[in-house]
Structure formats: structure tokens, C-alpha cells
Amino acid sequence: MSCDNLAEGIEELEPSELGTKEYWEKSYQLELNNFSDHGDVGEVWFGEEAGMRMISWLVKNPDLVAPTDSILDSGTGNGMLCVDMAREGFSNITGVDYCQEAIDLADKVAKESGVEVKFEVGNILHMDSAALKAKYKVVTDKGTFDAISLGGSAKEDKETYLRNTFNLLEESGIFLITSCNWTKDELIKQFEEYFHPHHVIPTPVFSFGGKTGNMVSSVVFKKRKS
Ligand SMILES: C[S@@+](CC[C@H](N)C(=O)[O-])C[C@H]1O[C@@H](n2cnc3c(N)ncnc32)[C@H](O)[C@@H]1O
């Protein structure tokens, strides 16, 4: 698939520092220091409810996802989504992030929480770690496609991200994503070559100036046949 197909009708976002590795390294170093000083796990992106909505969907669909199925959390940050999935009984979870600082923090948070999760440094655009050579039943993403969408080469990187996520999934695997930068329709449009929408998880709606919309979008996709 060419990048042109992916971007058709989609306006790229203005690049921002949130699309750079340096930004994430600095913020997780700070969060690592805060965690050591007073046990603060740091930013929970889009609020705790966003993660709980994703987990609740997994829990309520045992016909599609069993507690022992392999789950990869892509761009795991402080690893809280993994920790909360483990607390809900999922037992085969791996979190990857391209920041060593994030993985150090996630390791500490999981250890402190007394749950079993594997964390590994890896860049989802480069598939450069052992965890990124395996196959998974589920890939979760909370804010990572968003961060990639804010990079200087977002158009190409989004395409690489989607292709790599497709390759990471087993046949009939599930890609569960929460985004604040893209509406559900924009996600569906950009993902359509690799994934088809299975379910849109309801998220809070805002009304302002006569317009209504969702603050975040959460969509369950199924991998298309290879
Ligand atoms: C908005 S944060 C979300 C973190 C976490 N998922 C959460 O919900 O708290 C985006 C994360 O994506 C990670 N990230 C961005 N690009 C990445 C890449 N190419 N490979 C792996 N991780 C990446 C960043 O380091 C950061 O942890």
C-alpha cells in the first residue's frame, strides 16, 4: 500500500514536540524521579477511565480474548494499562516503548503493584527488539498512534506503524486503540487497508458552541485477512 492511499482525505497534524523521542525521554526521566521520590506513577493519558474502558471491553469479550491470550501494549509509557490489565486477570502481557526511561518506570510500577508484566525497549517503527518479533492476539495502543501522528515524518511513519502492527498480530488478531487526535471515522479511514472496525467503544461526549463531539475515540479493529 502506498502512503498516498493512507492519507487520502486525511489532513496531517501540525508536527509537535510530542512526536519526538527527546520529549518522551525527558518526561519519563522526570516521572521516574517523581516515582522514586514519592511514588507518583505520572501522567495517565486521557484519564484512568480511558484505560478502564479498553480493559472492560476485553473482559466482556471472552469469546474473542481469553485471559491467557498474548497482549502487546504498544508505546506503553508508565505501563499502567498493562498493570491494570494484569490486575483484571490477563496473564500474558508485554509492554514496549522506545524510551528506556519509560520501561524503567513501567518495571518499577509493575513491581510495586505486585503484578507480572514483561517490559522491553523497542521501537515499533523499527521492529528492533525480541518482543517485536513475536505474534500477539491483541495489540493495545493508548496515545501512541497519536504521538507518531505528531512526528516530522508522520505520513510515512503512520503507514509503517500500521503495517508493523498488522504483522505483529496473529490471524484474526485484535487492535484496540484509544486516540485523542483522531475521530473514530478518521481512524477507520486510515486503518482500512489493514483492519476493519469491529466495535466502537462509547466515550464521553462534549457539547460546545452548538457542536458535539467525543474527547477521545476508542475503536476495536480486527486484522484483515493476510
Ligand atoms: C501519549 S504517550 C502514551 C503512553 C501510554 N500508552 C499511556 O497511555 O500512558 C505515547 C507513548 O508512545 C511512545 N512512543 C512513541 N513513538 C514510539 C515508537 N515509535 N515506538 C515505541 N514507542 C513509541 C512514547 O515513548 C510514549 O510513551
Given H placed on each backbone N at 1.01 Å, which residues far from G173 in sequence or on other chains put an amide H within less than 5 Å of it?
K223
Ranking S153, F35, L176 by how far each Cα lies towards the positive end of the charge dipole of the stretch 3-223 (+1 on Lys and Arg Cβ, -1 on Asp and Glu Cβ), the top one is L176
If one computes the Cα centroid of the stretch 76-107 and of the stretch 174-226, what distance in Å separates the two points?
23 Å
Once neighbouring chains are kept in place and the probe is 1.4 Å, which whole percent of the accessible area of the stretch 1-121 is contributed by carbon and sulfur?
47 percent
Once fully extended, how much extra length lies between S172 and E193, figured as 0.36 nm per residue of separation less the alpha-carbon to alpha-carbon distance?
6.1 nm
Under the helix-only model (-39500 (n - 2.57) for each DSSP H run of 4 or more, divided by the residues of the chain), the mean residue ellipticity at 222 nm, to 500 deg cm²/dmol, is -11500 deg cm²/dmol
Hey, what's the chain come to in accessible area per residue, 1.4 Å probe, Å²?
48 Å²
Nothing charged except the Cβ atoms of Lys and Arg (+1) and of Asp and Glu (-1): what's the magnitude of the dipole of the stretch 41-120 about its Cα centre? Round to the nearest 20 debye.
180 debye
For the chain, with +1 on Lys and Arg beta carbons and -1 on Asp and Glu, the positive-most of L105, V121, T140 along the dipole
T140
For the chain, size of Cβ-based charge dipole, Lys and Arg +1, Asp and Glu -1, in debye:
820 debye
Amide N proximity, the stretch 103-120 versus D37 label position 7 Å along Cα-to-Cβ, cut-off under 15 Å:
none
Over 19 Å (Cα to Cα) among K142/K222; K21/K135; K21/K118; K137/K223 -> K21/K135; K21/K118
Label points 7 Å out from Cα along the Cβ direction at V200 and K26: separation in nm?
3.7 nm
Dipole magnitude of the stretch 126-187, debye to nearest 20 (Cβ charges: Lys/Arg +1, Asp/Glu -1, about Cα centre)
160 debye
Given 0.36 nm per residue, what is the gain on full extension from N61 to E186 after removing their alpha carbon distance, in nm?
42.5 nm
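The values are calculated or read from the model by the stated rules, or taken from the named source; none is laboratory data. Quick caveat: nothing in here was measured; it's all calculated off a predicted structure. Note that we place each Cβ from the backbone using ideal geometry, even for glycine, and neighbour counts take in every protein chain shown. Just the protein is used for accessible areas: all its heavy atoms, side chains included, with ligands, DNA and RNA removed. Shrake-Rupley method; radii C 1.70, N 1.55, O 1.52, S 1.80 Å.
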